[in-house]
Amino acid sequence: MKTFTKNDNGFTCQNCGKMVSPLGYTSRDHCPFCLCSLHVDITPGDRQNSCMGIMKPFDLEYSQNKGYVIVYKCSKCNKIHKNKVANDDDKILITKVANKTYKV
């Protein structure tokens, strides 16, 4: 069973280079400016994955439990990962991901 480790740290986005602040209410998983993430977790929040590929958004889903969820694909190992949309995510980019018009 997967366990969640809260890990809400700021970071510099490896895709766009912007400084990303901690989220404040759960673990920060992706950049709110370009929506990309790094493939750093084996289980949520553990930061134990050695892949370190850039996770690029390619789809948006709706979950009854989580609300809108970004679907990512790792540019290095092709692993698929999903994460809830954060309150401060760029809404225009979220719409482009949903419409499949956002290319990272």
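The values are calculated or read from the model by the stated rules, or taken from the named source; none is laboratory data. On a predicted model such as this, the values are computed, not experimentally measured, just so you know. Methodologically, a virtual Cβ is constructed for each residue, glycine included, from the backbone with ideal geometry; neighbour enumeration extends over all protein chains shown. Quick note on the areas: whole protein, heavy atoms, side chains included, nothing else; ligands and nucleic acids left out. Shrake-Rupley method; radii C 1.70, N 1.55, O 1.52, S 1.80 Å.
Roughly how many Å² is the accessible area per residue of the chain, as a whole number, for a 1.4 Å probe?
Values: 6470 Å² over 104 residues.
Value for the chain: 62 Å² per residue.
Here is how the number arises for the chain: DSSP H runs of 4 or more residues each give -39500 (n - 2.57), the sum is divided by the residue count, and the result at 222 nm is -2000 deg cm²/dmol. Taking the alpha-carbon distance from K103 and a cut-off under 25 Å, which lysines remain once sequence neighbours fewer than 8 residues away in the same chain are dropped? Counting by Cα, and skipping residues close in sequence, K103 has these lysines nearby: K18, K56, K66, K73, K76, K79, K82, K84, K91. Note on K79 and N99: their simple-model spin labels are 3.2 nm apart, each label 7 Å out from Cα toward Cβ. The value obtained for the chain, namely the Cα convex hull volume divided by the number of residues, is 102 Å³ per residue. Could you work out what % of the accessible surface of region 42-87 is carbon and sulfur, using a 1.4 angstrom probe and leaving DNA, RNA and ligands out of the count? Heavy-atom surface of region 42-87 belonging to carbon and sulfur, 1.4 Å probe: 47 percent.
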